[in-house]
Amino acid sequence: MKISPLFSSERNDEQSRWLNGLGTVQILADALPKIVPYVLINHREELLPLIMCAIERHPDSSTRDSLTHT
């Protein structure tokens, strides 16, 4: 079965976007524990969507566990 160049290119673009998103999640997971303590307690709830996204999508289980205890 021969794969058309267009299909192959689309697949590479999709993989590239996925890897880029993964890198973004890793940066977010590394930064959140350093940022959260400096956010006023009354405003920390605004960080919850970012924290939940990092926990849900990070590939490393130990990092996910550490984010649940931040």
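You can think of it this way: the chain between His69 and Tyr38 has 9.6 nm of extra reach, that is 0.36 nm per residue less the Cα-Cα gap. Rg and Dmax, both from the Cα atoms of region 12-68 and both in Å, are 12.6, 43.
Please report the relative contact order for region 12-68, taking Cα pairs under 8 Å with a sequence separation of at least 6, and give it as a percent rounded to a whole number.
Relative contact order, region 12-68: 38 percent.
Note on region 12-68: with neighbouring protein chains present and a 1.4 Å probe, carbon and sulfur make up 56 percent of its accessible heavy-atom surface. The packing ranking of peptides 53-65, 34-46, highest mean first, is 53-65, 34-46, where packing means the average number of other beta carbon atoms within 10 angstrom of each residue.
Charge dipole of region 12-68 (Cα centre as origin; +1 on each Lys and Arg Cβ, -1 on each Asp and Glu Cβ, all else neutral): 140 debye, rounded to the nearest 20.
The values are calculated or read from the model by the stated rules, or taken from the named source; none is laboratory data. In this text the structure is predicted, and so the values were computed from the model without any measurement. Reconstructed Cβ throughout: ideal geometry from the backbone, glycine too, with neighbour counts over all protein chains shown. Keep in mind that these areas ignore ligands, DNA and RNA; they rest on the heavy atoms of the full protein, side chains included. Shrake-Rupley method; radii C 1.70, N 1.55, O 1.52, S 1.80 Å.
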